[in-house]
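Accompanying notes for the structure given below.
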Amino acid sequence: MCKGSLNKSIFSHLTEEQILECYEMYRSNELKNSEIIELYDIAGIASSALVSQFPLLQTSIKCQLCSNDVLEKPTSKSNRLREYICPECSHQFDSARADPMCPCEHCKYEKKEKKRREIEALELRYQENLVKLKEMFPVPSAKLSYSDLSLVDKIYLASLIPLGSREFLPSKLMTSSNSILSPAGVLDGAIYSHLLDKGLIFPVVEKLPNDVVLNPSESALTNWQVYQANISFSDAETRSIEDIYHHILSDFEQMMNGNVEVDRKDIEHLCNLAEHIEVSEAVVFLRYFCQEADLAEPPQKTYDVIRKMLTQMSVAQLAPHIRKSVKDAAYFLMTGKSQGKSHATNTIPSKIESSVAYYQKQGWTVNKWDRPYNTEKSNLSNVLYDKLLVHLNLGFYQSVGDIIQTIEHFFDYIVKKDKQNVISDKTSVRANTKLCAKCGSANL
């Protein structure tokens, strides 16, 4: 019944039946180890070392692979499963399942085959999903002409391009991670939607991470897919994203110098965009202060109040009022007078209004804040104010009303200046042209 028992000097005085009986007694935990050692007169070992002294035990259990009788490996009484090993093929298993670490050749081969089948299944699934995704997001059949781009198209593209690589535009996840595309990430979705709807960019399915292709979901696709520009130029040459970016900046310079005419609709869109950016800038402060005070997301009315206040004051002037209102709401919560975080946060809109009204009644002027490190300027703000409207010195320190008025007056001035130049040119031409004294015609 036992194998190698004769080599174990501590069991040399016992028969194979007694050794098996001793082991079964140990496994059943009927007696303490010290009592078993004393009962079977086993000398020279500590109680804790008893299990390590048992030999491999013969069984009538057949190996699953080669059908030979297997041997039982002595195991601790705390181990409910019995472990076996085949002396012929080295296959190892227990009373419940095969040993996952079994070193026999058969199990090694099975593990390799299982891994190979899993990889093949993943590759097949990847290719099938990739085909479906390409059907969902096809590559446009024709490129759009650069000359058809509106001013807002160019602003959105110019704000997005520097955040990507030399070949691809960035994923939404990258642009929104630190709100680097638009203030607080509020306009990120609108920028991508606008460019996608107009066909100016398209998703590159092949660049999706493998796990996203294997397990596609709407949120994963939205966050991880990168994009490519779909723009052509009149000379039919292929332009890189960097070339498109520099071309847009050149157009901005031409517009501000009055060399390119700007449509009235483009000016209206420009003013709307400036308003959205300034409101979003204020939202950055609002969210930051609420997180700092551990308060809930403010109600929708807060954003309406901010939009109203920014018509008469800048974000830099409104920020201290927002901070004071959030601090008051936090104090309201801490004193236990509120009915919870939501109730405390709901007081912020009225507190902002009352704070601004009090300062105005007293005739005080709020000092303008500088932009702190935690509210860095977004790329969209940088493009609008530092790349396009660079000469007008607009943005964070001016109210929305002043920004819009300055933009409109500037482009009106450009238009008037162009008209005066045209009239001046016509007068100059006439002065240098000989005319008929009778009818005034130049056709002499």
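I'm trying to understand the selection: among the residues of the stretch 74-109, which are in a helix (DSSP H, G or I) and open to solvent by 80 Å² or more (accessible area, probe 1.4 Å)?
Residues of the stretch 74-109 in a helix (DSSP H, G or I): 105-109.
Listed by number, the residues that qualify are GLU105, HIS106, LYS108, TYR109.
Of the residues that sit in the stretch 357-386 and are among the β-branched types (Val, Ile, Thr) and modelled with pLDDT under 90, which one is nearest to SER280 (Cα to Cα)? Quick ask: steps written out before the conclusion?
We begin by selecting, within the stretch 357-386, every residue among the β-branched types (Val, Ile, Thr); these are 365-366, 375, 383.
Add one more test, that the residue is modelled with pLDDT under 90, and what stays is 365-366, 375.
On the way: THR365: 23, VAL366: 20, THR375: 11 Å.
Out of the qualifying residues, it is THR375.
Among the residues of the stretch 299-324, which ones are open to solvent by less than 10 Å² (accessible area, probe 1.4 Å) and within 31 Å of the chain's Cα centre (by Cα)? THR302, VAL305, ILE306, LEU310, SER314, VAL315, ALA316, LEU318, ALA319, ILE322 - these are the residues of the stretch 299-324 that are open to solvent by less than 10 Å² (accessible area, probe 1.4 Å) and within 31 Å of the chain's Cα centre (by Cα).
Taking residues in the stretch 282-301 that are within 15 Å of MET334 (Cα to Cα), and partners anywhere that are surrounded by fewer than 18 Cβ atoms within 10 Å (Cβ to Cβ), the pairs with Cβ atoms closer than 6 Å and at least 6 places apart or on different chains are LEU295/LYS341; ALA296/LYS341; ALA296/SER342. For the residues ILE161, ILE248, the requirement of being in contact with a Phe, Trp or Tyr (Cβ under 6 Å, 6 or more places away or on another chain), open to solvent by less than 20 Å² (accessible area, probe 1.4 Å) and among the aliphatic types (A, V, I, L, M) singles out ILE161.
For beta carbons closer than 7 Å, sequence separation of 6+ or different chains, a first residue in the stretch 73-99 that is closer than 20 Å to SER52 by Cα and a second that is of a type in the set (Gly, Ala, Ser) and assigned to a loop (DSSP other than H, G, I, E, B), the qualifying pairs are LEU81/SER95; LEU81/ALA96; ARG82/SER95.
Yes or no: LEU144 open to solvent by 30 Å² or more (accessible area, probe 1.4 Å) and closer than 20 Å to ILE231 by Cα? It is true that LEU144 is open to solvent by 30 Å² or more (accessible area, probe 1.4 Å) and closer than 20 Å to ILE231 by Cα. Looking at (1) more than 18 Å from SER381 (Cα to Cα); (2) at pLDDT below 90; (3) assigned to a helix (DSSP H, G or I), find the lone condition where MET174 falls short. Among (1) more than 18 Å from SER381 (Cα to Cα); (2) at pLDDT below 90; (3) assigned to a helix (DSSP H, G or I), MET174 violates only (1).
Residues in the stretch 60-72 that are at pLDDT below 85 and either in contact with a His (Cβ under 8 Å, 6 or more places away or on another chain) or open to solvent by less than 60 Å² (accessible area, probe 1.4 Å) (or both): GLN64, GLU72.
Among the residues of the stretch 7-42, those that are more than 24 Å from ILE85 (Cβ to Cβ) and open to solvent by 70 Å² or more (accessible area, probe 1.4 Å) comprise HIS13, GLU30, LYS32, GLU35, GLU38, LEU39, ASP41. The residue pairs whose first member lies in the stretch 353-377 and is touching a residue at least 40 places away in the same chain (Cβ under 8 Å) and open to solvent by less than 70 Å² (accessible area, probe 1.4 Å), whose second member is part of a loop (DSSP other than H, G, I, E, B) and not β-branched (Val, Ile, Thr), and whose beta carbons are closer than 7 Å, counting only pairs six or more residues apart or on different chains, are ARG371/LYS377; ARG371/PHE396.
Yes or no, residue by residue, for (1) surrounded by 15 or more Cβ atoms within 10 Å (Cβ to Cβ); (2) of a type in the set (Gly, Ala, Ser); (3) in a loop (DSSP other than H, G, I, E, B):
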position: LEU384; (1), (2), (3): yes, no, no
position: LYS387; (1), (2), (3): yes, no, no
position: HIS391; (1), (2), (3): no, no, yes
position: TYR397; (1), (2), (3): yes, no, yes
position: ILE407; (1), (2), (3): yes, no, no
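Restricted to the stretch 211-240, and to residues there that are open to solvent by less than 60 Å² (accessible area, probe 1.4 Å) and closer than 19 Å to SER150 by Cβ, the residue that is farthest from the chain's Cα centre (by Cα) is PHE233. For VAL204, the criteria (1) under 22 Å from the mean Cα position of the chain (by Cα); (2) farther than 19 Å from PHE233 by Cβ; (3) exposed (fewer than 14 other Cβ atoms within 10 Å of the Cβ) hold in every case but one, which is (3).
The values are calculated or read from the model by the stated rules, or taken from the named source; none is laboratory data. All values reported here derive from a predicted model rather than from experimental measurement. All Cβ positions, even for glycine, are placed from backbone atoms using ideal geometry, and neighbour counts span all protein chains on display. Please note that ligands, DNA and RNA were not included when accessible areas were found on the heavy atoms of the full protein model with its side chains. Shrake-Rupley method; radii C 1.70, N 1.55, O 1.52, S 1.80 Å.
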